[in-house]
Amino acid sequence: MRIVVVGGVAGGMSAAARARRLDETAEIVVLERGPYVSFANCGLPYYVGGEITDPGVLQVQTPESLRAALALDVRTGHDVIGVDPAARTVTVSTADGVDEIGYDALVLSPGARAVRPPIPGLDSPRVSTLRTVDEALVMRARVAGGAGRVVVLGAGFIGVEAAEALANAGMTVTLVELAPHVLPPLEEELAFYATHALARLGIDVRTGVAATRIESGAERDVVVLADGSRLDADFVVLSVGVRPDTEVFERAGIACERGAIVADEHGRTSQPGIWAVGDAVVSVDAVTGARRPVLLAGPANRAGRLVADDILRPGSARPIPPTIGTAIVRVGDLTAAMTGANRASLDAAGTAYRTLHLHPGQHASYYPGTSTLHMVVHITPDDGRVLGAQVVGEDGVDKRADVFATAIRAGMTVDDLVELDLAYAPPYGSAKDPVTMAGFLGQNVVDGTLRLWYPDDIETVVEEALVLDVRTAGEFARGHLTGALNVPHTELRERLDEVRQAAAGRPVRVMCHSGWRSYLAHRVLTAHGFDSASLSGGMETLTAALQARAAAPQGARA
């Protein structure tokens, strides 16, 4: 059997390597357009910034190492320009001309190419994406050569990583994002913390604004923004998105959806004998059912392995699991992680949900070095099934995100979160882990023990309800909502008549710093007949949400 794999890196190389482990006799040919067949593209920003000093480590495998270890026929510099599904051949362009290669099974892993918006001047030699080793080498040489100012267009994962790395390398960095906030998949109240972490690195963050043109000069370029700002740049990093690199395969009659290859649960395309994996393939979201490519290495690697199983062991191959989009990024002194659905995707899918905000410590509060985790968790309102979670903090973010990812994959509810046996010792966590606390909070919301109100409700609450602030008098003096009544939660039982008189028949909407004390107050008020609700996440969440919206350009939010 001849298996031809188009594209290396994550999905393609996983398929090729797995195929060899399953069949020692198969002829396995890997065709890669560029010079590198297996490189650590996720490590490129850290090489540019100087944290990774040896560019050689970015090459995970070479054609020679793959030939020696797995007897793979790896051919770099081979650009697939045509596919004939009926004849089972691919047409390849090389430095030596055009050739045809036959196949019994074809695996497509073409990946994605960078989006290049119609910005005048974008063809300047100082503008580059950061998707290949060669681009990283050039960018690193510019940094080492004395470049002082850089503009990063796009504040998604790669853009943020590049901006952080270049700031750490001593450059003056401006980060420009068209969306209202950095890391658009993050909820706005968590993106607030990421923006401040970038500012602590000295990065000038511009959100809600587009670049309109790039003016090339003799020594540097100038990036002109829609608001009239002019940003000097020794070079520009373009990171505004990608699109599936599938035109040649769509022309061959392989079904695509908005440019991405359509494949079934085993990676089979619409053409017999052809499979597809990776960034160029439509994935089905496990939570919302949305159909879209997922640009993550983990799902691509898993899909490559499972496609090889389907080719060589079709009767027992497991299906490719729908993705939940778990991702993590370092942002200065913080880490931001997300898994499952966010608010926007749930709204788009018409999925009912409730949102939980928590701000627990990452380990026991009495152990030195404790810091706060800012958490947003979305659950179903009826049974508390976990739909999505996001965590931002200085430490312990990754392990909580991974627990939530596991919970979503397993279909767990908040009851299940409470019952998890999680590792605990004072330097690492708490007897009531932040994940457990999310479970407790979710249980209270689902069974009606706790009723929440949210930052989105602020205008209605201020107009129609009594805002009861149950923080201490000192906390209240340092900042509070206009018109709020301050009754510390420890004094509430003795001052209920005062609250009832101030409410004058209106609902009471309780708040504290993070939500714990207002929950206690809510239970007291409910027991005494008040129409009460507690602010989700307290003043910590409210402040983050309101400041994030104040920073967003006019009209940026729907």
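With the structure loaded, tell me whether ARG67 is closer than 23 Å to SER316 by Cβ, part of a helix (DSSP H, G or I), more than 28 Å from the chain's Cα centre (by Cα) and not aliphatic (A, V, I, L, M) or whether it fails that test.
Judged against the criteria, ARG67 is not a match.
Hey, does segment 54-63 have a residue that's under 24 Å from ARG140 (Cα atoms) and hydroxyl-bearing (Ser, Thr, Tyr)?
Taking every residue of segment 54-63 in turn, at least one turns out to be under 24 Å from ARG140 (Cα atoms) and hydroxyl-bearing (Ser, Thr, Tyr).
Tell me, yes or no, whether segment 289-305 has at least one residue that is outside the structural domain of PRO381 (by TED's automatic domain parsing), part of a strand (DSSP E or B) and in contact (Cβ under 8 Å) with a residue 60 or more places away in the chain. Even if it seems obvious, please write down each step before you answer.
Our first condition is that a residue be outside the structural domain of PRO381 (by TED's automatic domain parsing); within segment 289-305, this holds for 289-305.
Pick out the ones that are also part of a strand (DSSP E or B) and you get 291-292.
Cutting the leftovers down to in contact (Cβ under 8 Å) with a residue 60 or more places away in the chain gives us none.
Within segment 289-305, not a single residue is outside the structural domain of PRO381 (by TED's automatic domain parsing), part of a strand (DSSP E or B) and in contact (Cβ under 8 Å) with a residue 60 or more places away in the chain.
If I go through segment 311-326 residue by residue, how many of them are crowded, with 22+ Cβ neighbours inside 10 Å and assigned to a helix (DSSP H, G or I)?
Qualifying residue count for the region: 1.
Take the residues in segment 139-156 that are among the basic types (Lys, Arg) and modelled with pLDDT under 95; name whichever of them is farthest from VAL242 (Cα to Cα).
Within segment 139-156, the match that is farthest from VAL242 (Cα to Cα) is ARG142.
Quick one: in segment 9-27, which of the residues that are assigned to a loop (DSSP other than H, G, I, E, B) and at pLDDT 95 or above is surrounded by the most Cβ atoms within 10 Å (Cβ to Cβ)?
Filtering first and then ranking leaves ALA26.
Quick one: would you say TYR428 is modelled with pLDDT of 95 or more and either more than 30 Å from ALA410 (Cα to Cα) or not assigned by TED's automatic domain parsing to the domain that holds GLU189 (or both)?
no
Looking at (1) part of a helix (DSSP H, G or I); (2) surrounded by fewer than 20 Cβ atoms within 10 Å (Cβ to Cβ); (3) at pLDDT below 95, which is the one condition that is false for VAL284?
Unmet for VAL284, out of (1) part of a helix (DSSP H, G or I); (2) surrounded by fewer than 20 Cβ atoms within 10 Å (Cβ to Cβ); (3) at pLDDT below 95: (1).
So ASP456 fits all but one of (1) touching a Leu at 6+ places or on another chain (Cβ under 6 Å); (2) outside the structural domain of ARG385 (by TED's automatic domain parsing); what number is the exception?
(1)
If you go through segment 327-356, how many residues are hydrophobic (A, V, I, L, M, F, W, C), touching a residue at least 40 places away in the same chain (Cβ under 8 Å), within 22 Å of GLY384 (Cβ to Cβ) and touching a helix residue (DSSP H, G or I) at 6+ places or on another chain (Cβ under 9 Å)?
4
Quick one: would you say ALA290 is more than 16 Å from ALA105 (Cα to Cα), under 18 Å from the mean Cα position of the chain (by Cα) and either surrounded by 24 or more Cβ atoms within 10 Å (Cβ to Cβ) or hydroxyl-bearing (Ser, Thr, Tyr) (or both)?
So ALA290 does not fit the description; no.
Does any residue of segment 38-54 turn out to be closer than 16 Å to HIS78 by Cα, among the small types (Gly, Ala, Ser) and at pLDDT below 90?
Yes; the residues of segment 38-54 include at least one that is closer than 16 Å to HIS78 by Cα, among the small types (Gly, Ala, Ser) and at pLDDT below 90.
Regarding segment 307-321, can at least one residue be identified that is under 18 Å from the mean Cα position of the chain (by Cα), at pLDDT 95 or above and not assigned by TED's automatic domain parsing to the domain that holds THR25? It would help to see each step written out before you state the result.
First, pick out the residues of segment 307-321 that are under 18 Å from the mean Cα position of the chain (by Cα): none.
Taking every residue of segment 307-321 in turn, none turns out to be under 18 Å from the mean Cα position of the chain (by Cα), at pLDDT 95 or above and not assigned by TED's automatic domain parsing to the domain that holds THR25.
Could you say whether any residue in segment 230-244 is exposed (fewer than 15 other Cβ atoms within 10 Å of the Cβ), in a loop (DSSP other than H, G, I, E, B) and free of Cβ contacts under 8 Å to residues at least 60 places away in the same chain?
In the first step, residues of segment 230-244 are kept if they are exposed (fewer than 15 other Cβ atoms within 10 Å of the Cβ); the result is 230.
If we keep only those that are in a loop (DSSP other than H, G, I, E, B) too, we end up with none.
No, that holds for no residue.
Contact list please: Cβ distance under 7 Å, first residue in segment 508-532 and in the same structural domain as ASP457 (by TED's automatic domain parsing) and modelled with pLDDT of 95 or more, second residue in a helix (DSSP H, G or I) and acidic (Asp, Glu), pairs at least six apart or on different chains.
HIS513/GLU475; HIS513/GLU540; SER514/GLU540
Do we have any residue at all in segment 376-397 that's under 22 Å from ALA197 (Cβ atoms) and either of a type in the set (D, E, K, R) or in the same structural domain as GLY537 (by TED's automatic domain parsing) (or both)?
yes
Within segment 198-221, does at least one residue satisfy the condition of being crowded, with 19+ Cβ neighbours inside 10 Å, at pLDDT 95 or above, assigned to a strand (DSSP E or B) and in contact with a Lys or Arg (Cβ under 7 Å, 6 or more places away or on another chain)?
yes
GLY77 - would you say it is at positive phi and surrounded by fewer than 23 Cβ atoms within 10 Å (Cβ to Cβ)?
Judged against the criteria, GLY77 is a match.
So that you can scan it fast, the table gives a plain yes or no per residue for (1) closer than 27 Å to ALA162 by Cα; (2) touching a strand residue (DSSP E or B) at 6+ places or on another chain (Cβ under 9 Å); (3) in the same structural domain as ALA165 (by TED's automatic domain parsing); (4) among the basic types (Lys, Arg):
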position: TYR47; (1), (2), (3), (4): yes, no, no, no
position: LEU58; (1), (2), (3), (4): yes, yes, no, no
position: SER65; (1), (2), (3), (4): no, yes, no, no
position: ARG88; (1), (2), (3), (4): no, yes, no, yes
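How about segment 473-551: which helices (runs of 4 or more DSSP H) wholly inside it have at least 1 residues that are on the phi > 0 side of the Ramachandran plot and in contact with a Gly (Cβ under 7 Å, 6 or more places away or on another chain)?
538-551
Taking ARG330, is it on the phi < 0 side of the Ramachandran plot, modelled with pLDDT of 95 or more and part of a loop (DSSP other than H, G, I, E, B)?
Judged against the criteria, ARG330 is not a match.
Quick one: in segment 245-278, which of the residues that are of a type in the set (Val, Ile, Thr) and assigned to a strand (DSSP E or B) is nearest to THR132 (Cα to Cα)? Spell out how you get there, then give the answer.
Filtering segment 245-278 down to residues of a type in the set (Val, Ile, Thr) leaves 246, 248, 254, 261-262, 269, 274, 277.
If we keep only those that are assigned to a strand (DSSP E or B) as well, we get 261, 274.
On the way: ILE261: 23, ILE274: 26 Å.
That would be ILE261.
Starting from residues that are in a strand (DSSP E or B) and in contact (Cβ under 8 Å) with a residue 40 or more places away in the chain, keep the ones in segment 28-59 and report whichever is nearest to the chain's Cα centre (by Cα).
PHE39
The values are calculated or read from the model by the stated rules, or taken from the named source; none is laboratory data. All values derive from a computational prediction rather than experimental measurement. Every residue, glycine among them, receives a Cβ derived from its backbone with ideal geometry; neighbour counts consider all protein chains shown.
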